[in-house]
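A short write-up of the structure that comes next.
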Amino acid sequence: MSGRTRISSGSPWESRIGYSRAVKVGDHVWVSGTTGTHPDGSVPEGAIVQTRVALGVIQRALADAGAAMGDVVAVRAYLVDISEWEAVGSALGEKFGDVRPALVMVQVAALISPEHRVEIEVEAVIGSAVRSADADALEHRGPHPAPIEFGQERHRFHQRSESVDPRALEALSDDAHQPGLGLSKQGCTHREE
C-alpha cells in the first residue's frame, strides 16, 4: 500500500485547524466534512444549494486524488434541520443516483457557522465506479421478478435469494410497516442490490 497523500482545497482553515480536504492512502480516499461555502467565503441560502456547492468542492477534491464521484462508496450528511432531508437528498441524488453509495443522514445541533445547513463527508475507492444499473441487475439477480398484484395495488419485490410470500402483505394493516422487510400495503420501500 502506498503512503498518505494530503489533498488541499486552499482553505486557510486546513493549516489552522490541522486537517486536509481529503486524504488518499492506496486506492482509498476520505474527503473531510464539507460545507456549501463558496471560495470567497460566502454561503448560499438553502439546503439544496449548499449541498450542491459542497458536492462541487468534494468532486474537485476527489479529482485531485485521482478519484471520481462514481468511486464514492459512503456518504455522511449532517443537517441542522432534519426536515430538510428531501432537499439534501435531491441534490445527493443528482450526483449519486446511479452510484448508490452507502448513506447516513443525521441531524446535528449545529455546524461551524449558523448559516450552514448541511455538511457532507465521503469515502471513495478508486476504480470502484459502478457499471450501469441494468447490467448489474441482470448479472447479480437475473431479470426483475414479475410484480405481485393485490386487488388494485401492484407491488414489486427485488430480492437476491429469498422470496416474499404474498400472503405476508395481506396480514399487514394498511399503515403497518416492517422495517426489516420494507413491506407495507402502501408499497415496497426496500430494495436489495
request  = Return the residue satisfying two criteria in turn: it lies in the range 104-132 and is of a type outside the set (Ser, Thr, Tyr) and out of contact with any strand residue (DSSP E or B) (no Cβ under 8 Å at 6 or more places or on another chain), and of such residues it is surrounded by the fewest Cβ atoms within 10 Å (Cβ to Cβ).
outcome  = 109
task = Kindly establish whether residue 17 is in contact (Cβ under 8 Å) with a residue 24 or more places away in the chain and outside any strand (DSSP E or B).
result = no
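Listed here are the residues, each with its yes/no results for (1) surrounded by fewer than 11 Cβ atoms within 10 Å (Cβ to Cβ); (2) charged (D, E, K, R); (3) under 23 Å from the mean Cα position of the chain (by Cα).
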| position | (1), (2), (3) |
| --- | --- |
| 6 | no, yes, no |
| 11 | no, no, no |
| 20 | no, no, yes |
| 25 | no, no, yes |
| 30 | no, no, yes |
| 33 | no, no, yes |
| 45 | yes, yes, yes |
| 49 | no, no, yes |
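Bear in mind these aren't lab numbers, they're just calculated from the coordinates by the rules spelled out. Computed from a prediction, not measured in an experiment: that's the story for all the values here. Backbone-built Cβ (ideal geometry, glycine too); neighbour counts: all protein chains shown.
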